[in-house]
Amino acid sequence: MFNPDGPDSEGEFLELTNTGSFTIDLGGARFTRGIEIIFDPGTLLDPGESLVIARVGNSVAAAKAAYSGALDNGGDRLTLKAADGSIIVDFAYGDDADWPDMTDGGGYSLELVSPNDPSADLGSPLSWRTSHDAGGSPGSAPAGLRYAEWRASHGLGASIGGDDHDGDGLSDIEEFASGTDPVAPDGRGTFGVTRLGDGSGIVVSMLRSWDALDLSLQIEVSDSLSTNSWHPVDPASFVGSTRVPESRADLLEFRVTPAPGSARQFVRTRYTVLQ
Ligand SMILES: [Ca+2]
Ligand SMILES: [Ca+2]
Ligand SMILES: [Ca+2]
């Protein structure tokens with residue numbers, strides 16, 4: 001939470017989670033960019049455990065340690081180094097239009113889409129989402145359902161790729177992504193296309209439900225539809241994500257323009273359930 005809707009000195013926080021399988025000793029580790037804190041000796045983080053830190057004088061109940069300095073409201077680079085000087089994490093977040101709009105003073109926190117993915121690019125706005133609830137979830141797991149839990153909650157068995165239980169044209173996983181009902185025909189698509197006013201291409205949009213926890217969305221493009229021609233769209237084409245409260249989802253938008261010299265471009269969405 002880099003820019004809370006109240007005073008930054010009270011509401012800012014940062015949550016560190018050990019996603020590995022060994023206990024981490026943070027004693028002597030310190031942030032060398034962005035904020036200032038040196039962790040006390042004996043600060044251990046077990047696998048799956050989280051540690052919330054917040055500004056000196058904060059009112060974040062879950063905070064276990066305090067830092068000086070601040071998470072800049074205009075974006076910041078954060079570097080955490082271990083006691084031996086090796087870099088644990090180093091990335092920059094931003095507040096431009098391609099970063100989730102409600103996290104920049106709107107009362108919501110930035111949360112990782114796939115916190116257990118060590119290859120996630122923390123500097124990319126595509127790796128982050130708006131927190132499920134206002135205030136974020138410092139010290140507790142994010143709200144929502146994993147795909148298997150969501151299927152079970154609707155009485156569906158194990159997933160078979162391409163399932164469309166209610167036959168409404170939306171696959172089960174697309175219903176999970178968009179927050180629609182997989183056992184009742186909805187008849188509303190989640191994939192939108194708008195032509196750019198200057199004719200240079202299109203904007204592709206799709207919903208990502210607040211409740212979908214372990215889901216990755218990717219836009220892929222092709223100029224021929226042949227199997228090997230599909231490739232992920234350039235991350236720079238990500239326009240941003242906007243909250244759509246009536247759908248309980250975020251609307252993700254990508255700008256897609258045909259490659260120079262190609263007459264056609266095809267676009268598809270790939271949904272992946274994260275491990
Ligand atoms: Ca701030
Ligand atoms: Ca369906
Ligand atoms: Ca449905």
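No lab work stands behind these numbers, since they all come straight from the coordinates. Bear in mind that the values here come from a model prediction, so they are computed numbers and not experimental data. Glycine gets a Cβ as well: all are built from the backbone with ideal geometry, and neighbour counts include every protein chain shown.
See the values below:
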| item | result |
| --- | --- |
| Per residue Cα convex hull volume in Å³ - calculated over the stretch 106-167 | 155 Å³ |
| Computed label-point distance, nm, for sites PHE266 and VAL239 using a 7 Å Cα→Cβ extension | 2.4 nm |
| Residue-by-residue Karplus 3J(HN,Hα) for the stretch 77-84, coefficients 6.51, -1.76, 1.60, Hz, glycine and proline x | 10, 10, 10, 10, 10, 6, 4, 7 |
| In Hz, Karplus ³J(HN,Hα) per residue of the stretch 119-124 (6.51, -1.76, 1.60; θ = phi - 60°; x = Gly, Pro) | 8, 4, 7, 5, x, 9 |
| Pairwise centroid distance, computed over Cα atoms, of the stretch 230-275 with the stretch 145-223, Å | 13 Å |
| Viscosity 0.692 mPa s, temperature 37 °C, Stokes-Einstein D of the chain from Kirkwood C-alpha radius, µm²/s | 161 µm²/s |
| Coarse-grained scattering of the stretch 147-273 at q = 0.22 Å⁻¹, given as base-10 log I(q)/I(0) from a Debye sum over alpha-carbon atoms | -1.32 |
| J(HN,Hα) series, the stretch 235-248, from Karplus relation 6.51 cos²θ - 1.76 cosθ + 1.60, nearest Hz, glycine and proline x | x, 5, 7, 5, 7, x, 10, 10, 5, 10, x, 5, 9, 6 |
| At 0.692 mPa s and 37 °C, Stokes D of the stretch 1-97 from Kirkwood alpha-carbon radius, µm² per second | 238 µm²/s |
